[in-house]
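Asks: Below are the structure tokens for one structure; questions will follow.
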Amino acid sequence: MDSKYAITEIITSGLNFKVDRIIHISSFVVDQNEIKSHITTYINPERTLDPDYIKSTGIVNDNIKFSPKFYEKAKSLIQLWSGCNILSVSPRITLTFLKKEFKSLGFDFSQNIGQYSDIVNPERLQIDRIEDKARILTNYFLEFGTDSPITKKDFTPRAFLEKEIKLMPNECGIYILKNENGTVIYIGKAIKIRTRLRQHFRNLNSKGFKIHRMVSAIEYQITESELFALLIEQHHILKYKPELNKALRNNIYKYELRYLKDVNQKDKFEILPVGKSTIGHSVKRFRSRKSALAFILHLTHTYDINADQIKCHRISKESFQKALDNLEFENETEILGSIPLSELVIIINPFYEGKYIVEEKGFPNSHAIIENGFFLGLSLTPTSGLSFEKIKENIEYPYQSEYALSQNIRYLQEGLLKITRH
């Protein structure tokens, strides 16, 4: 090996760099395929650990109570790292917390920190104690040398990302983040792609750290409207199931709100399991009965609907009325007054009945296909003169479950979209 490397891992009391501190640091200096020196120690953060943190990590307050404070180890660390390339599994986290600790001592910590490669995936190593990570990684480093365990990227991953982000357009659309193997790890939408990406990489929460550590390539697709960006984003998330898009990977809707007429021909809303009834029109779908009930309670309260017009699966009228009476809001919502259900259903989902094509005015080949309130997919090919059924056949971005476009009414920007009923 031509250079000295310091395999360095830190443990912090949390991921909020503004309030959390380093509580353990371990660094092994490797030169000429030998460990020359190392420091492994707990650090007293001058605060106690949260009970949930103790439960999840096994590190207790007694581990740090009588340990040296950071300033007592700062000089030794600077001497240890002199002439070294520092490597870490999470360089952004390590660099951010080290800079903060040294800044509190009036010292500008300016060393770059490179990323330990995923070729030998450190997160899959058998590490019984998180305090042992640096030692385990050092052993792998000695076994494989610089050809395998360290990344081929520059030792300044932040500079690499900023260079990529500068090339991104600041327009509406989606962005796709990939790792070194070309695997999609995150997909997002934004009104301004470049601005949103900068927010991602400056965000030091858990997801921000993971994105910064894993990303190697950024792709994008421009749309005119936020609605189309959202729909394409959801299509790709369901197709690729990116590791970091946990919330939107679930496309199973178990309950629905149906609009129908009872035996006396009076308007009525029902919350039912999807597929249980074909009477009336499905207006909106929900992933759980709890979310469906919360929506209908809020709706009933806001529009002063007679509770007799509402029926919920496995909930009696008495239970529904009790839940309505006990309804609480963080900020008291305005009661908009009584409104016929036939009008309210259009407010909830203006597409609930019929066939519609939604076009982006600036992108004449972009069409969202909607039938009886549900988004079927996107067509991005020329469709001039084609019937609704022909356009439906040409869907390039099919949605993989029946999805009510009413979830996204707030994205229907009038100036950007043209809506045609067929």
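A short reminder: the numbers here are calculations on the coordinates, not readings from a lab. Every value quoted in this text rests on a predicted model; they were computed, and no experiment measured them. Neighbour counts are summed over all protein chains in view; Cβ atoms, including those assigned to glycine, are modelled from backbone coordinates with ideal geometry.
Asks: Counting pairwise Cα distances across the stretch 4-147, what percent come out greater than 22 angstrom?
Replies: Within the stretch 4-147, distances greater than 22 Å cover 37 percent of Cα pairs.
Asks: Label ASP62 and PHE17 with points 7 Å out from Cα along Cα→Cβ: what is the distance between them in nm?
Replies: Label at ASP62, label at PHE17, 3.4 nm between them.
Asks: What does the extension gain come out to for ILE346 and LYS361, with contour length at 0.36 nm per residue minus their alpha carbon separation?
Replies: 3.0 nm
Asks: Hey, another quick one. Once phi is turned into θ = phi - 60°, what whole-Hz ³J(HN,Hα) does the Karplus curve with 6.51, -1.76 and 1.60 give for every residue of the stretch 168-174, x standing for Gly and Pro?
Replies: Values per residue, Gly and Pro as x: 7, x, 9, 10, 6, x, 10 Hz.
Asks: Please give the length that would be gained between THR278 and LYS69 if that part of the chain were fully extended, namely 0.36 nm times their separation in residues minus their C-alpha to C-alpha distance (nm, one decimal).
Replies: 68.5 nm
Asks: If the reach is capped at under 18 angstrom between alpha carbons, list the lysines near LYS322, excluding any in the same chain fewer than eight residues apart.
Replies: Reachable lysines: LYS290, LYS311.
Asks: If you don't mind, there's one more thing I want to ask. Only counting other Cβ atoms within 10 Å, I'd like PHE228, PHE66, PHE388 sorted with the fewest neighbours first.
Replies: Ascending number of Cβ neighbours within 10 Å: PHE66, PHE388, PHE228.
Asks: Moving on to the next point. Whole-Hz Karplus ³J(HN,Hα) for the stretch 219-228, in order, using 6.51 cos²θ - 1.76 cosθ + 1.60 and θ = phi - 60°, x for Gly and Pro?
Replies: 10, 8, 9, 8, 10, 8, 10, 5, 4, 5
Asks: Quick one: order LYS133, LYS36 by neighbouring beta-carbon count within 10 Å, fewest to most.
Replies: Going from least to most buried by this count: LYS36, LYS133.
Asks: Exposure proxy check: ILE347, ILE176, ILE237 ranked by fewest other beta carbons within 10 Å?
Replies: Result, fewest neighbours first: ILE347, ILE176, ILE237.
Asks: Read phi for every residue in the stretch 361-377 and hand back ³J(HN,Hα) as whole Hz from Karplus 6.51 cos²θ - 1.76 cosθ + 1.60, θ = phi - 60°, with x for Gly and Pro.
Replies: Taking θ as phi minus 60°, the curve returns 4, x, 10, x, 8, 9, 10, 9, 9, 10, 9, 6, x, 10, 6, 9, x Hz for the stretch 361-377.
Asks: I would also like to ask the following. Run the quick spin-label model on ASN181 and ASP132: label points 7 Å from Cα toward the beta carbon, then report their separation in nm to one decimal.
Replies: Going from the ASN181 label point to the ASP132 one covers 2.5 nm.
Asks: Applying 1/(1 + (r/R0)^6) with R0 = 22 Å to the Cβ-Cβ distance of LYS254 and ASN326, what FRET efficiency is obtained, to the nearest 0.05?
Replies: 0.35
Asks: Here's another thing I want to ask about it. Give the calculated FRET efficiency between ASP108 and LYS4 to the nearest 0.05, with a Förster radius of 35 Å applied to their Cβ-Cβ distance.
Replies: 0.95
Asks: Can you give the % of DSSP beta bridges in the stretch 4-147 that are antiparallel, to the nearest 5?
Replies: Beta bridges within the stretch 4-147, antiparallel portion: roughly 65 percent.
Asks: Determine which lysines satisfy two conditions relative to LYS103: a Cα distance under 18 Å, and not lying fewer than 8 residues away in the same chain.
Replies: LYS18, LYS69, LYS73, LYS75
Asks: Can I ask one more? Can you give me the distance in nm between label points at LYS36 and SER319, each placed 7 Å from the Cα along the Cα-to-Cβ direction?
Replies: Between LYS36 and SER319, the label points sit 7.1 nm apart.
Asks: Moving to a separate point now. Taking H as built 1.01 Å from N, whose amide H comes closer than 5 Å to the amide H of HIS24, not counting residues under 5 places away?
Replies: Result for HIS24 returns ILE11, ILE43.
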